[in-house]
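The values are calculated or read from the model by the stated rules, or taken from the named source; none is laboratory data. Given the structure is predicted, the values throughout are model-derived calculations rather than measurements. Cβ coordinates were reconstructed from backbone atoms using ideal geometry, including for glycine residues, and neighbour counts include every protein chain displayed. Just so you know, the surface numbers come from the protein's heavy atoms only, side chains and all, with ligands and any DNA or RNA stripped out. Shrake-Rupley method; radii C 1.70, N 1.55, O 1.52, S 1.80 Å.
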2 protein chains.
Amino acid sequence: MLNHLASIVAFADTATAWPLAVRGACEADAVSESALIRRSGWFWDFIAGRKPAPAAAATLGWELSWIAPERGEIEVFFDASEKFVNPMGNIQGGFLAAMLDDTFGPALVATLGDGESAPTLELKVNFLRPAAPGRLVCTGRVVHRGGSIAFLAGELRNETGDLLATATATARIIRPTK
Amino acid sequence: MLNHLASIVAFADTATAWPLAVRGACEADAVSESALIRRSGWFWDFIAGRKPAPAAAATLGWELSWIAPERGEIEVFFDASEKFVNPMGNIQGGFLAAMLDDTFGPALVATLGDGESAPTLELKVNFLRPAAPGRLVCTGRVVHRGGSIAFLAGELRNETGDLLATATATARIIRPTK
């Protein structure tokens, strides 16, 4: 059932679990299946293997590294495909934007309640270095979450740690009508 | 040879041709093959059919509607694939960003000289409406081009004309070292 959990190295479901929310290969045992089952919504259904990956995530080669939902932090791996390159052979910037959006977006979505959604209103990306095809690593965080608006930020790096792009975004939190 | 030209409805290669740079199905005869052959660089090589589409453009279903290079204006069709949708069934915002970047980017690149390139430094996108999968239409323009920096803007619409997203960007013009 938890077919996406092998790569989760920490799962900060409670305040006491927060120190585990750092990257490391040996913390998978900290993940609690019962904690997942308590949560619902597309993100947790996907993480728990109850639903397939969203198409956009699958296209980008989305793979969870770790998530600390109470802190609003996440790290995601991406497969920057040869299909995304520009004429210079680098990943076209929009696809890097898509990866950043698909990192801090889920960091926010993981904090939502049943029926809530959080479309991105605006996205600003700075491109620092060319990105070659291959595995990329993106960290994202919820900088501030108000009642109906959230501010998000993220950084995208290659596997050697070079910072390739940074982004900030504003999202609107939509609650189900009663 | 000019296998990409069937969809070009205007080609403002000279000042007198500028009035043709409006959308319309009957202006294809205004395109001059000799004018294309005079231009070089990846964009014109692609447009003239001398090189295949860049991978990112092919992934996005990029198809030129028209271009007015001396005005720095362009219109491009995209195929917003089901592969780009988020859990709500709409096109994930990053892919819309990729389309906008792959519209005003070529509008600038079409103005460059041999060996010049113009990587995007920063990109800001506003998401106005959800975008369903299907054919989208994006217009882009070079707002201002200085010696080494250019400011770009674009608008993305669905086929019924609803404005889905707008973007601005800053690009750096890099000249070949002598």
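Before moving on, here are some points about what is shown:
- Some residue of the stretch B:164-171 being touching an Asp or Glu at 6+ places or on another chain (Cβ under 6 Å) and modelled with pLDDT of 95 or more: yes
- Conditions (1) part of a loop (DSSP other than H, G, I, E, B); (2) facing chain A (nearest Cβ under 8 Å): number failed by B:PHE95: (1)
- Residue within the stretch B:119-127 that is more than 12 Å from chain A (Cβ to nearest Cβ) and surrounded by fewer than 24 Cβ atoms within 10 Å (Cβ to Cβ) present: no
- Look at (1) in contact with a Phe, Trp or Tyr (Cβ under 9 Å, 6 or more places away or on another chain); (2) closer than 30 Å to B:GLY147 by Cα; (3) not β-branched (Val, Ile, Thr) and you find that B:PRO87 fails only one, number (2).
- Scope the stretch B:62-89; condition in contact with a Lys or Arg (Cβ under 8 Å, 6 or more places away or on another chain), under 20 Å from A:MET99 (Cα atoms) and either open to solvent by less than 10 Å² (accessible area, probe 1.4 Å) or not in a strand (DSSP E or B) (or both); matching residues: B:PHE78, B:ALA80
- Of all the criteria given as (1) in a strand (DSSP E or B); (2) among the polar types (S, T, N, Q); (3) at pLDDT below 95, the one not satisfied by B:THR111 is (1).
For every residue, the table says whether it meets (1) touching a strand residue (DSSP E or B) at 6+ places or on another chain (Cβ under 8 Å); (2) over 30 Å from B:SER117 (Cβ atoms); (3) among the aliphatic types (A, V, I, L, M).
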position	(1), (2), (3)
A:PRO119	yes, yes, no
A:PHE127	yes, no, no
A:PRO133	yes, no, no
A:LEU136	yes, no, yes
A:ARG141	yes, yes, no
A:GLY147	no, yes, no
A:LEU152	yes, yes, yes
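- Only residues that are more than 7 Å from chain A (Cβ to nearest Cβ) and closer than 18 Å to A:VAL125 by Cβ were counted in the stretch B:77-92, giving 1.
- As a summary of the residue check, A:LEU112 satisfies the conditions (1) over 21 Å from B:GLN92 (Cβ atoms); (2) more than 11 Å from chain B (Cβ to nearest Cβ) except for the one numbered (1).
- Residues within the stretch A:128-141 that are touching a Lys or Arg at 6+ places or on another chain (Cβ under 9 Å) and more than 12 Å from every other protein chain (Cβ to nearest Cβ), tallied: 4
- Residue tally, condition of a type in the set (Ser, Thr, Tyr) and within 12 Å of chain A (Cβ to nearest Cβ), over the stretch B:38-76: 1
- Of the residues examined, B:GLY61 is not one that is modelled with pLDDT of 95 or more, under 29 Å from A:SER117 (Cβ atoms) and over 13 Å from the mean Cα position of the chain (by Cα).
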